[in-house]
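Notes follow once the structure below has been shown.
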Amino acid sequence: MKTNTALSPAETNRYSRHLLLPEIGPAGQQKMKAARVLVVGCGGLGCPVLQYLAAAGVGTLGLLDFDTVDDSNLQRQVLYATADVGRPKAVVAAEKLAAQNPFISLQTHQTLLSRDNVLELFAPYELVVDCSDNFATRYLVNDACVLLSKPLVFGAIFKFEGQVSVFNYQNGPTYRCLYPEPPAPGDAPSCAEIGVLGVLPGLVGTLQATEALKIILELGEVLSGRLLLVDALGMRFQTVRFRAVAANQQLTALAPDYAAFCGEAPMEAAPQRAPEISADDLKAWQQSGRPLQLLDVREPHEAARRSIGGRLIPLGQLGGRLTDIAADVPVVVHCASGVRSQKAAQLLLAQGVGEVYSLRNGLADY
């Protein structure tokens with residue numbers, strides 16, 4: 001059934017600055033209203049992408065993210081506030097966007113993207129914007145878009161630098177044409193390990209949103225076959241051209257294991273969720289005098305604002321400081337909301353620490 005793209009008087013007023021542009025006008029705004037765009041990741045890049053696409057009047061936005069808001073996100077993920085810590089990002093983002101523009105449809109997908117669900121999730125959308133933060137997901141997203149013949153808007157950030165490109169657009173090059181092989185594990189650490197300038201994802205995400213609108217409107221020169229490099233410290237922009245490789249455009253199936261391809265542990269082998277302990281039970285334990293190691297996996301600046309004691313080892317450093325943890329004394333790991341502490345607890349259990357708990361909901365409940 002064809003979607004009604006006629007603009008109501010309220011929409012005409014809202015989008016009046018678009019309608020004044022001859023290159024867009026009513027016909028272009030109706031294209032945006034009819035568009036269905038999936039944003040993979042509602043974090044640093046996803047927030048500005050979603051905000052600008054919602055404001056522009058893209059009719060259906062899909063929000064795909066399985067994570068929850070952590071207070072370390074708030075330095076750059078501008079859709080979220082302190083009160084949102086611990087809540088699902090996709091849900092919170094949808095609430096904020098619905099308040100921003102009530103004339104659009106928002107579809108939330110609170111799930112971990114995998115080769116088992118990616119084709120089904122992508123199928124209803126005509127365009128995908130990749131705002132993910134790891135290489136396994138980027139290759140998975142790329143391959144799904146190639147198989148489904150959907151254009152892909154790509155963005156990535158690293159400390160003070162960013163990248164933007166468009167793949168699989170009108171038979172153009174794919175992500176694999178630019179990056180045939182992923183970097184070696186450890187060569188491209190995450191934001192949690194090395195940090196990122198807070199405004200950088202806003203800059204790169206805005207460029208991604210621009211490319212998405214150009215694709216929908218069939219307007220301007222799309223960044224297909226070109227990689228835009230952003231240097232925020234030097235405020236320099238450089239464009240690198242790259243060519244299509246036929247074999248990468250003719251995929252017939254998804255890869256069997258994207259995590260293994262990128263040198264990561266397979267998703268199927270991910271550790272089981274660690275046991276959790278409530279704030280009340282932890283307080284009772286501390287008062288009882290029974291042996292306990294309390295481990296804080298937040299960043300030093302977070303601990304400086306509020307601490308409940310224990311040893312401070314940021315999550316990104318924990319793998320290299322396992323000898324600081326006694327294997328025969330129970331450990332309770334905490335962070336701001338329980339997300340990082342759960343990851344840390346899983347790591348400790350995998351390394352043979354006998355009794356490990358993650359503080360449920362983190363300091364939010366303590």
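The values are calculated or read from the model by the stated rules, or taken from the named source; none is laboratory data. Everything numeric in this text was worked out from a predicted model, so none of it was measured. So basically every Cβ, Gly included, is an ideal-geometry build from the backbone, and we count neighbours across all protein chains shown. Calculation scope for accessible area: heavy atoms of the full protein, side chains included, ligands and nucleic acids excluded. Shrake-Rupley method; radii C 1.70, N 1.55, O 1.52, S 1.80 Å.
Limited to the stretch 202-229, what total is found for residues that are part of a loop (DSSP other than H, G, I, E, B) and closer than 24 Å to Leu19 by Cα?
5
Looking for something closer than 23 Å to Asp257 by Cβ and among the basic types (Lys, Arg) - is there at least one such residue anywhere in the stretch 107-116? Before you say what the answer is, go through the steps one by one.
Initially, the stretch 107-116 is screened for residues closer than 23 Å to Asp257 by Cβ, giving 109, 111-116.
With the extra rule that they be among the basic types (Lys, Arg), the set shrinks to 115.
Yes, the stretch 107-116 has at least one match.
Here is a check on your reading of the model: is Phe135 under 17 Å from the mean Cα position of the chain (by Cα) and closer than 19 Å to Leu50 by Cβ?
Details: under 17 Å from the mean Cα position of the chain (by Cα): yes; closer than 19 Å to Leu50 by Cβ: no.
Taking the combined requirement at face value, the residue does not satisfy it.
Kindly indicate whether Arg306 is under 25 Å from Cys191 (Cα atoms), touching a helix residue (DSSP H, G or I) at 6+ places or on another chain (Cβ under 6 Å), of a type in the set (D, E, K, R) and modelled with pLDDT under 95.
no
Please go through (1) in a loop (DSSP other than H, G, I, E, B); (2) surrounded by fewer than 24 Cβ atoms within 10 Å (Cβ to Cβ) for Val146 and return the number of the only condition it doesn't satisfy.
Unmet for Val146, out of (1) in a loop (DSSP other than H, G, I, E, B); (2) surrounded by fewer than 24 Cβ atoms within 10 Å (Cβ to Cβ): (1).
Can you list the strands (runs of 3 or more DSSP E) lying wholly within the stretch 33-111 that have 1 or more residues being in contact with a Phe, Trp or Tyr (Cβ under 8 Å, 6 or more places away or on another chain)?
36-40, 60-64
Between a residue in the stretch 346-366 that is within 19 Å of Thr68 (Cα to Cα) and any residue that is of a type in the set (Lys, Arg), which pairs come within a Cβ distance under 7 Å, given they are 6 or more apart or on different chains?
Leu363/Arg306
Please enumerate the residues belonging to the stretch 22-32 that are outside any loop (DSSP other than H, G, I, E, B) and among the hydrophobic types (A, V, I, L, M, F, W, C).
The answer is Ala27, Met32.
Would a scan of the stretch 88-104 turn up a residue that is under 30 Å from Cys335 (Cβ atoms), in contact (Cβ under 8 Å) with a residue 40 or more places away in the chain, open to solvent by 50 Å² or more (accessible area, probe 1.4 Å) and in contact with a helix residue (DSSP H, G or I) (Cβ under 6 Å, 6 or more places away or on another chain)?
yes
Restrict the check to the stretch 176-195 and report whether at least one residue is of a type in the set (Val, Ile, Thr), at pLDDT below 95 and either closer than 17 Å to Asp130 by Cβ or part of a helix (DSSP H, G or I) (or both).
Residues of the stretch 176-195 that are of a type in the set (Val, Ile, Thr), as a first pass: 194.
Still in the running and at pLDDT below 95: 194.
Going one step further and asking which of them are either closer than 17 Å to Asp130 by Cβ or part of a helix (DSSP H, G or I) (or both), we end up with 194.
The answer is yes; a qualifying residue exists.
Take Ala123 and decide whether it is more than 17 Å from Glu211 (Cα to Cα), in contact (Cβ under 8 Å) with a residue 12 or more places away in the chain and open to solvent by less than 40 Å² (accessible area, probe 1.4 Å).
Answer is no for this residue.
Across the stretch 3-21, what is the number of residues that are outside any helix (DSSP H, G or I) and within 17 Å of Ile216 (Cβ to Cβ)? Before you say what the answer is, go through the steps one by one.
Quick first cut of the stretch 3-21, residues outside any helix (DSSP H, G or I) only: 3-8, 15, 20-21.
Add one more test, that the residue is within 17 Å of Ile216 (Cβ to Cβ), and what stays is 3, 5, 7, 15, 21.
The number of residues fulfilling the criteria is 5.
With Val78, Val39 as the choices, which residue is open to solvent by less than 10 Å² (accessible area, probe 1.4 Å), touching a Cys at 6+ places or on another chain (Cβ under 7 Å) and under 20 Å from Pro201 (Cα atoms)?
Exactly one residue qualifies, and that residue is Val39.
Within the stretch 230-240, is there a residue that is exposed (fewer than 14 other Cβ atoms within 10 Å of the Cβ), in a helix (DSSP H, G or I) and either at pLDDT 95 or above or out of contact with any Gly (no Cβ under 8 Å at 6 or more places or on another chain) (or both)?
no
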